[in-house]
Every structure is written in C-alpha cells, then in structure tokens.
Amino acid sequence: MWEFLINPWPWWFSGAAISVTMFALILFGRSFGFSSNLRTLCAIATRRKVRFFDFDWKKETWNLIFLVGAIIGGYLANTYMNHGEAVQISQATITDLAALGFGEPSTSSSGVQPDELYAWENVLTIRGFLILAVAGLLVGFGTRYAGGCTSGHAISGLSDLQLPSLIAVIGFFTGGLIMTHLLYPFIF
Amino acid sequence: MRFIKYLLVGIFFGILMAKSEAFSWYRIQEMFRFQAFHMFGIIGTAVVLGVIGTWLIKKLKINDIHGEKIIFTPKEKGFYRYFLGGSIFGLGWALGGACPGPMVVSIGYGVLSMLVVFFFSIVGTFLYGEVRDRLPH
C-alpha cells in the first residue's frame, strides 16, 4: 500500500483522486476552483478599493485554507513520499526538449521542474525573470478573464457538462499548443 | 475548527498533484506535444467520474453536509471571454508549466522560485480587474 503511494501514481488513480477532491468540496457546500484564490488575494491586497475586487472575501477563507493545505501537501509529498527518482517522461519529449536546450529531468535538482527555468541562477537573470513573470501574468490574467482555471473549467465545469467550460478548455489547449509549438523555438 | 476539513482536503490535493506529477513542467510539455497518455488519462478519468457523480447528485437530490441542497451554478453564456481568456491562460500554462494549484504545490515541494510565477499570476488577475470593462466578454 505505502509502496504504491510513494511511487508515482498511475493516471487512473490520480484522476480518481482529483474527483474525490472535487466531490469532497461539493459535499462541504463549496466548489472546486483554485484560481478564485488569486482574486481573493487581490481583494485583500487592494483593500476593496478596486470595484472588481470589492467583495466580501472573508467568505472565501475556506479556499485560502485549501491553498495552504496544498502547499503543505507538496511539502509532505517531497519530504515523506519521495521515491528518489525524477519525473519519467517519454523519450520523444526528452529529445524535443533537448533540441530546445533543456536537459533531462534530474534528481540533482527538484526532479520535477527544469533548472533552465527554475534554478535561481537562471531566475535571477533579466531574461529568466521575465519568462517566469510573463508566464504568471498570462495565467493570472487569462484565468480571471475566462472565469476559471483547470480546476474550475476542465474538471468542475466539464463534469457539469457546461458548454462555456468546454470553450475555455479548447482555449487552454489553443494557447498551450501555440506556446509549445510556435513560440518555444523563438524563446528557447 | 470548521476549517480543518478544507486544510485536510488541500493537503490531499497537494499530495495528489505531486505524486501524479501533474504539477511538473515536463508532464505539461509532454501533454502539449501529445507524446504520452498520462495527463490525458488523469483529466479524462477525473471528468468521466465527475460527470457520473454530478449526475448522481442531481438525480438523487443529495444534500451537502449542512443539509442544504447542492446547487451547480451554470456558467454565464458567452464565447469571447472563454476562448480568449482560455487561450491567454494556455500560453502561460505552457510557458511556466504550471496552473495556479500546481504552482503552490511546487512551492511547498521546495521549488521556491515558483513564487515569482505565483506572485505575477496575482498581478495578472489584478490587471484583468483594471481593464475588464474594455474587453469583449
């Protein structure tokens, strides 16, 4: 059992676990939508002086607690459930990424995020910092514009057969494919 | 104390994002290159189970733990906001390799530089609030 849990989870187990997360929140009278937290944090930071962020954010406290839990979960996974190997991706992806200058996933760093983007020596260059800043800006702007992120649209929305969520997910993939196939060769 | 259940579900979510490797930039790249089934299997399983469960909750009129009716609020109708907003989100998702949930899981995992991405995602949401009246929705 523990052996199964500390090794990378198979897709069917991971997908079922996401469903458990969503239904737990639904049964608690809430909904699964992570990026609402970004809006809540904006409301706290602007002290409700901006109209879009003028709402009673205290009602969203539960979701901030969920966010804190997610951070703790990430810590626990690395500290107590680490199987000591980097992410095993397909050879085709390794080859494609090598052509862009990315090394294989390696346990000499986090094993899950590439040093080329996330090692401090690269983050603290103007170029490296800009890449991460722009990535964050696009995610934060896009998710609020679309009214949700992967959890709110791809999981919760599609589960409720919502057409707007399907359009949003098609958008997620449109943007992701443009970035990966058209823009990566210019950026990296 | 009434918040502890959200903390526990959050911890479960954090562990699952890490152990499923769905929070990894490498897995997101693999997905957008259609070179493995892993991410599609995860999202597909979650959606299939989600559709069945959501249907059952509606069909059997299941209440939440407070005894209140569970309401699934339909998303507002529209096209531009979902397609354009979604596409902008997708550009950032593929560039940094993380959407908001996985960002904070990464930070907990020890990739502290992900704080830069997370901080700017809050700034991005703020900028949307500033210009939203001028955007097509």
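Each value in this text was obtained by applying a stated rule to the coordinates, not by laboratory testing. Please read these numbers as outputs of a predicted model, since none were measured by experiment. Ideal geometry is used to build each Cβ from the backbone, glycine not excepted, and the neighbour counts take in all protein chains shown.
One table, with the values for the structure above:
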quantity: Residue that is within 7 Å of chain B (Cβ to nearest Cβ), within 17 Å of the chain's Cα centre (by Cα) and under 20 Å from residue A:149 (Cα atoms), where the choices are A:77, A:17; calculated: A:17
quantity: Number of the exception - residue A:120 against (1) over 21 Å from residue B:19 (Cα atoms); (2) in contact with a helix residue (DSSP H, G or I) (Cβ under 8 Å, 6 or more places away or on another chain); (3) among the aromatic types (Phe, Trp, Tyr); calculated: (2)
quantity: Breaking point among (1) within 17 Å of residue B:100 (Cα to Cα); (2) assigned to a helix (DSSP H, G or I), for residue A:92; calculated: (1)
quantity: Top-ranked residue of the stretch A:95-110 - restricted to ones that are in a loop (DSSP other than H, G, I, E, B), buried (at least 19 other Cβ atoms within 10 Å of the Cβ) and not polar (S, T, N, Q), ranked as farthest from the chain's Cα centre (by Cα); calculated: A:102
quantity: In the stretch B:92-112, residue nearest to residue B:76 (Cα to Cα) [restricted to those that are surrounded by fewer than 24 Cβ atoms within 10 Å (Cβ to Cβ) and within 7 Å of chain A (Cβ to nearest Cβ)]; calculated: B:107
quantity: Meets criteria (of a type in the set (A, V, I, L, M, F, W, C), out of contact with any strand residue (DSSP E or B) (no Cβ under 9 Å at 6 or more places or on another chain) and surrounded by 14 or more Cβ atoms within 10 Å (Cβ to Cβ)) for residue A:86; calculated: yes
quantity: Failed item, numbered, when residue A:63 is tested on (1) part of a helix (DSSP H, G or I); (2) over 23 Å from residue A:136 (Cα atoms); (3) touching a helix residue (DSSP H, G or I) at 6+ places or on another chain (Cβ under 6 Å); (4) not hydrophobic (A, V, I, L, M, F, W, C); calculated: (2)
quantity: Residue in the stretch A:43-56 that is over 30 Å from residue B:73 (Cβ atoms), in contact (Cβ under 8 Å) with a residue 12 or more places away in the chain and not aliphatic (A, V, I, L, M) present; calculated: no
quantity: Residue that is more than 7 Å from chain B (Cβ to nearest Cβ), surrounded by 22 or more Cβ atoms within 10 Å (Cβ to Cβ) and touching a helix residue (DSSP H, G or I) at 6+ places or on another chain (Cβ under 8 Å), where the choices are A:55, A:32; calculated: A:32
